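Remarks on the structure that follows.
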């Protein structure tokens, strides 16, 4: 199976951490992609083979013999069921819905992080400071919400915790430590789980330019 990746994407990191936590790295060929900074506003310089594999043209993208999955949610769902016997996210029941509730909030942080990054890549004349502020406020609000959930985090590093940790790591890397003030318990939890091999191996780096 081919997995299209880039080192900066938190969505990619979420999938790769899942793969490493499940111990199935040897099932995948990681295909590094290159993106110009203009990805924020237009499609330029994208590898034709990538476009052929996934017309959605976003990463991560998982290409199997039977289908292509083009977002981290569906990829992680597939990995959890096909290779993890549903141990990273329960198949059903109350535990599943509690995990999905946390995943939705952590995913909301990542969505805001990426939207904010895209806006910051616009030229000064096109950039909206109001939109950037709105995304920043959403990030901090969601971190504060996850702060309340830390006491309920279980011992297993499941998909909800993976998503949360990836959001924390991207925030530290891209935007700094402002989030830590409203969420001290979450920050302490993240500092601990960030030492896991799967997290250390996947620390973000700038995307290679096309």
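Okay, residues lined up against (1) in contact (Cβ under 8 Å) with a residue 40 or more places away in the chain; (2) surrounded by fewer than 17 Cβ atoms within 10 Å (Cβ to Cβ); (3) within 24 Å of residue 205 (Cα to Cα):
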site: 106; (1), (2), (3): yes, no, yes
site: 153; (1), (2), (3): no, no, no
site: 165; (1), (2), (3): yes, no, yes
site: 173; (1), (2), (3): no, yes, yes
**Complete:** Result of the Cβ filter at 6 Å on segment 182-203, keeping first residues that are outside the structural domain of residue 144 (by TED's automatic domain parsing) and partners that are assigned to a loop (DSSP other than H, G, I, E, B) and modelled with pLDDT under 95, at least 6 apart or interchain, is none
**Residues satisfying the stated conditions in segment 133-144, i.e. surrounded by 18 or more Cβ atoms within 10 Å (Cβ to Cβ) and either more than 19 Å from residue 118 (Cα to Cα) or in contact with a strand residue (DSSP E or B) (Cβ under 7 Å, 6 or more places away or on another chain) (or both)** = 142, 143
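Quick test for you: out of 110, 132, 75, pick the one residue that is in a helix (DSSP H, G or I), assigned by TED's automatic domain parsing to the domain that holds residue 35 and either over 18 Å from residue 176 (Cβ atoms) or at pLDDT 95 or above (or both). First the steps, then the outcome.
Details: 110 fails: assigned by TED's automatic domain parsing to the domain that holds residue 35; 132 fails: assigned by TED's automatic domain parsing to the domain that holds residue 35.
Every option except 75 fails the conditions.
The values are calculated or read from the model by the stated rules, or taken from the named source; none is laboratory data. Just so you know, these numbers come straight off a predicted model, no measurement behind them. Positions of Cβ are backbone-derived with ideal geometry, glycine not excepted, and every protein chain shown enters the neighbour counts.
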